[in-house]
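The values are calculated or read from the model by the stated rules, or taken from the named source; none is laboratory data. This structure is a prediction, so every number in the text was calculated from the model and none was measured. Cβ atoms come from the backbone with ideal geometry, glycine included; neighbour counts cover every protein chain shown. To get the accessible areas, we keep the full protein, side chains included, count just its heavy atoms, and leave off ligands, DNA and RNA. Shrake-Rupley method; radii C 1.70, N 1.55, O 1.52, S 1.80 Å.
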Amino acid sequence: MPAPHGPAEQFAAGRRAAAAALAAAGSAERAVPRARDGRPLFPPGFTGSISHTGRLAAAVVVPGAEAVGVDIESAVIPPRVAAFVLRERERRRLLAPAGPYTARDLFAAKEAAFKAMNCIGTLGEFLFWQIGLGGTGGELTATHRGESVPLWVRSEADLSFAVAVRY
């Protein structure tokens, strides 16, 4: 996104990313207004999610999905934050060197899962770090109160990207 990278620019970049994702998904509607609670309101039949850092915005749209969550993270997650956000089992099994993920990857995964799971009325109110992460065979799954959602995580040297899709 162009400088100065403030909240207004980040919001606008997120909406441009959402419009591009809607176009790629086949929607004639490109506008994504904001709901009262701040969530993006995608057109009927096109479920999506938006995320941004200070300099990058991303949006994912999955037609026919019940919920979608996306998160991008560029911040370094210090060990103290990782210890708070990640359960001991998640740190032991999923974090490098034992596992394939960085703390930033797993932070992004919990944020994406929270967005996808937060719409489930039976879960009540909860905070993103209360989501549990587990994986087998290279697959990562988020769970909370008996509900689960698959996650896809990709990372580069200075960026983690996570997507959760609930059908």
Seminar exercise, completed: Under the 7 Å Cα-to-Cβ spin-label approximation, Asp37 and Glu66 lie apart by a distance in nanometres of 1.6
For this session: May I ask you to evaluate 6.51 cos²θ - 1.76 cosθ + 1.60, the Karplus curve with θ = phi - 60°, for each residue of the range 156-167 and list the ³J(HN,Hα) values in order in whole Hz, giving x for glycine and proline?
Result: 10, 4, 10, 7, 10, 10, 9, 9, 10, 10, 10, 9
For this session: Give, rounded to the nearest 20 debye, the magnitude of the charge dipole that the chain has about its Cα centre when Lys and Arg contribute +1 at Cβ and Asp and Glu contribute -1 at Cβ.
Result: 160
Exercise. Once the other residues with Cβ under 14 Å from the Cβ of Leu22 are scored (Lys, Arg +1; Asp, Glu -1), what is the net sum?
Worked result: +2
Exercise. Out of Ala103, Ala31, Ala116, any idea which swings most in a Gaussian network model of the chain, alpha carbons joined below 10 Å?
Worked result: Ala31
Problem set entry | For Thr47, residues with placed amide H under 5 Å, excluding near neighbours | Val62, Gly64, Ala65
For this session: Set Lys and Arg Cβ to +1 and Asp and Glu Cβ to -1, take the dipole of the chain about its Cα centre, and tell me which of Gly45, Pro78, Ala31 lies farthest positive.
Result: Pro78
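For the chain, what is the convex hull volume of its Cα atoms per residue in Å³? Don't skip to the answer; put the middle values down first.
Details: hull volume 21.3 nm³, N = 167.
Enclosed volume per residue, from the Cα hull, is 128 Å³.
In the range 19-139, what percent of the accessible surface is made up of carbon and sulfur (1.4 Å probe, ligands and nucleic acids excluded)? The partial results should precede the final answer.
Details: 3540 of 6340 Å².
It is 56 percent, rounded to a whole number.
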Seminar exercise, completed: Of the range 1-40, those with amide N under 14 Å from the point 7 Å along the Cα→Cβ vector of Glu156 are 1
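Quick one: ranking Arg30, Arg91 by accessible area, 1.4 Å probe, largest first, what do you get? Before the final figure, lay out each step's value.
Numbers: Arg30 105, Arg91 75 Å².
From most exposed to least exposed: Arg30, Arg91.
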Exercise. By the gyration tensor of its Cα atoms, with a ≥ b ≥ c the square roots of the eigenvalues, what is the shape of the range 1-91: rounded for a/c under 1.5, prolate for a/b over b/c, or oblate?
Worked result: oblate
Seminar exercise, completed: Which of Pro40, Pro150, Pro100 fluctuates most in a GNM of the chain (C-alpha springs under 10 Å)? That residue is Pro100
Exercise. Say we join alpha carbon atoms closer than 10 Å with springs in a Gaussian network model of the chain; which of Ala21, Ala82, Ala96 then has the biggest fluctuation?
Worked result: Ala96
For this session: List, in order, the whole-Hz ³J(HN,Hα) value for each residue of the range 37-47 obtained from phi through the Karplus relation with A = 6.51, B = -1.76, C = 1.60 and θ = phi - 60°; use x for Gly and Pro.
Result: 7, x, 5, x, 9, 7, x, x, x, 10, 8
For this session: Describe numerically, in nm with one decimal, the distance between label points set 7 Å from Cα along Cα→Cβ at Phe11 and at Thr143.
Result: 3.9
For this session: Treating the angle as unsigned and between 0 and 90°, give the value, to the nearest 10°, between the Cα long axis of helix 103-117 and the longest Cα principal axis of the chain.
Result: 50
Exercise. Relative to the longest principal axis of the chain, what angle (0 to 90°, nearest 10) does the C-alpha long axis of helix 7-25 take?
Worked result: 80
